[in-house]
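Working notes for the structure below.
The values are calculated or read from the model by the stated rules, or taken from the named source; none is laboratory data. Model, not experiment: these values are computed from the prediction. Because the Cβ atoms are built from the backbone with ideal geometry, glycine has one as well, and the counts that use them run over all protein chains shown.
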Amino acid sequence: MSLNYISANEAVKNIQSGHRVFLHGSAATPVHIIHALQDRYQELKNVELVSITNFGDIDFNEEKYRESFFINSLFVSANTRKIANSNYGDYVPIFLSQIPQLFKSNILPIDVAIIHVSPPDAHGYCSLGTSVDIAKAAVEMAKYIIAQVNPKMPRTHGDSFIHTNYINSLVWHETDLPEINYENGATEATQLIGRNIAELIDDGATLQLGIGTIPDQVLKNLTNHKNLGLHTEMLSDGVIPLIKNGTINNSQKKINRGKSVTSFMAGTRRLYDFANDNPEIEMLDISYVNDTSIIRKNNNMIAINSAIEIDLTGQICADSIGTYQYSGIGGQMDFMRGASLSLGGKPIIALPSVTNSGISRITPFLKEGAGVVTTRGHVHWIITEYGKVNLFGMNLKQRAKALISIAHPNHKENLEKAFYERFK
C-alpha cells in the first residue's frame, strides 16, 4: 500500500487560529507533532487544546505560548498542571465515561485531532495503540485528523482501529513511548495497604486498578488467587505475571468473558510489547468501559481508587489540593458506583494515612475549595496501612470513629478532639 507521509511541520499547517485541537493522551501523546505545533506559536492565536493526561516533554507554560494556545484540560497531568491553574488554561470537571459525549453532542466540537498510531496493516488499518479511551470519539468527530505513525506503538485489539482513508495527514516518526515504572517505589505503608486490599478480594472477582505503587502492591498479593478478571479503565505492568500464570483468566466474568478489558495503558516497554497484537487484551471506548451499567454486570467487582484526603464524614477529595487543580475526576466515580451496584462488589478508596511530609490525609474537614470526587453517599471501603473500614450504612458519628481507628497514631488525638467539637 502506497502512502504519502509528510513532515510534522507540513501537517500542522492545517491548524488555524481559533481551532479546537484534540491531543491523544498518556503513552500515546504525539510529542513530535505537538512540538511542530508549538513552533507555529507566532502565527497562531487562541488555539484551544483539549486532552486528558499527557506524557512526554511538552510544556505550554512558557510566556511566548500564552496568546497562541489555551489548555482546556479534561484531566490535569504533571506537564499541564501549572498552566491549567493559570489564566491561560483551565479544567473541565467531568466523569471520564462522559467525555465522548462532549465531542459527540458538539459541546466541545473538534476541529483537528492529533493522534499517535501504529503503522497500517495489510488492509490499511492503524491502531490507536496504548490509548483508545476518549481518542476513539475524538477521531470519529474531528473534521481533520493528523496521525503520528510510529513502529514502536503496539497494535492493540478492540475499538482501536482507524483506516488510513480517514486520516488526512500521516507523519512517520519512530520514537520510544514514555514509560512509567512503580515496581521499586513501594514503602512499608503501601505494602501494608496492598495486603489489606488483597484480603478483600475473593477468587473469581473482577478488578479495576489504577496506576501507582498501591495497585502494584495489590497485584503482588494476588498470586494465590484463582479465576480473576479485569475490567479496568487502565492497565499497567503489574497484571502481566498474573495473566501469564492464569491467575487472571477472565473465566468468571458475565460480560467480555475471556478478555481483559481496558481503555488505555501506561507502563514500561514490557507492557507495550505484551499488549502488541494480543487478542486477550481488549482496548475499548471509555464510554463503554466506564459505563456504570456495564461495570455492575460483572459480579464481585472490585474497584480500587485513591484519594488526596478524606474528611470524617467520608467525603473524598481526589483531584485538588484546596483550590489548586492537581488531577481530575477521571473514572473514580464511574467505578465506585459501578462496583457498589455489582453483586458482591466492593468499592475501595486506598490511601496512606499521612502525606510525605507527615500531614494526616484523614481530616476533620476538607481544605477550603477542595473538590469532592466521591460523595459520602457513594463511599464504602476505606483502607490505610492501619486497617480497613466499611462506611456503608454508618451514620456520621460511626463513620468518624471508624476513620479515626485507621488514622496515623500521631494524629488520632487531634482527630478525636475534632470529633468531640463537632458531635459533642
Quiz item: Would you pick out the residues in the stretch 74-92 that are among the hydroxyl-bearing types (Ser, Thr, Tyr), closer than 13 Å to Tyr324 by Cβ and surrounded by fewer than 20 Cβ atoms within 10 Å (Cβ to Cβ)?
Solution: Ser86
Quiz item: Taking the stretch 330-361, which residues are crowded, with 22+ Cβ neighbours inside 10 Å and of a type in the set (A, V, I, L, M)?
Solution: Met333, Met336, Ala339, Ile348, Ile349, Ala350, Leu351
Quiz item: With respect to Ser236, is the statement that it is in contact (Cβ under 8 Å) with a residue 60 or more places away in the chain, of a type in the set (S, T, N, Q) and either in the same structural domain as Gly331 (by TED's automatic domain parsing) or farther than 30 Å from Ile406 by Cα (or both) true?
Solution: no
Quiz item: Within the stretch 343-358, how many residues turn out to be closer than 20 Å to Met333 by Cβ and either at pLDDT below 95 or of a type in the set (Val, Ile, Thr) (or both)?
Solution: 2
Quiz item: Hey, Val171 hits all of (1) within 28 Å of Ile295 (Cβ to Cβ); (2) in a strand (DSSP E or B) but one; which does it fall short on?
Solution: (1)
Quiz item: When you scan the stretch 326-424 for helices (runs of 4 or more DSSP H) that lie fully inside it, which ones turn up with 2 or more residues that are closer than 16 Å to Ile214 by Cβ?
Solution: 332-341
Exercise. Give the stretch 64-86 a look and list any residue that's β-branched (Val, Ile, Thr) and either farther than 23 Å from Ser131 by Cβ or assigned to a helix (DSSP H, G or I) (or both), or say none.
Key: Ile83
Quiz item: Any idea how many residues of the stretch 41-60 are more than 15 Å from the chain's Cα centre (by Cα) and without any contact (Cβ under 8 Å) to a residue 40 or more places away in the chain?
Solution: 13
Practice problem: Go through the residues of the stretch 261-269 one by one and say whether even a single one is under 19 Å from the mean Cα position of the chain (by Cα), over 28 Å from Gly185 (Cβ atoms), assigned to a loop (DSSP other than H, G, I, E, B) and at pLDDT 95 or above. | Solution: no
Exercise. Would you mind finding the one in Val373, Val379 that is under 27 Å from the mean Cα position of the chain (by Cα) and under 30 Å from Asp203 (Cβ atoms)?
Key: Val379
Practice problem: Only residues that are among the small types (Gly, Ala, Ser), surrounded by fewer than 19 Cβ atoms within 10 Å (Cβ to Cβ) and within 17 Å of Ala142 (Cα to Cα): list them for the stretch 6-41, please. | Solution: Ser17, Gly18
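Scan the stretch 174-195 for residues that are of a type in the set (Asp, Glu) and part of a helix (DSSP H, G or I) and jot them down. Quick ask: steps written out before the conclusion?
Filtering the stretch 174-195 down to residues of a type in the set (Asp, Glu) leaves 174, 176, 179, 183, 188.
Residue satisfying the conditions is Glu188 alone.
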Quiz item: Going through the stretch 155-176 one residue at a time, which ones are in contact (Cβ under 8 Å) with a residue 60 or more places away in the chain, within 25 Å of the chain's Cα centre (by Cα), on the phi < 0 side of the Ramachandran plot and surrounded by fewer than 24 Cβ atoms within 10 Å (Cβ to Cβ)?
Solution: Arg155, His157, Asp159, Thr175, Asp176
Quiz item: So, of the residues in the stretch 124-144 that are surrounded by 21 or more Cβ atoms within 10 Å (Cβ to Cβ) and part of a strand (DSSP E or B), which turns out to be nearest to the chain's Cα centre (by Cα)?
Solution: Ser131
Self-check item: Residues of the stretch 11-63 that turn out to be part of a loop (DSSP other than H, G, I, E, B), of a type in the set (Gly, Ala, Ser) and within 20 Å of Asn87 (Cα to Cα), as a count
Solution: 2
Quiz prompt | Total residues in the stretch 168-187, condition more than 17 Å from Ser131 (Cα to Cα) and either hydrophobic (A, V, I, L, M, F, W, C) or at pLDDT below 95 (or both) | solution = 10
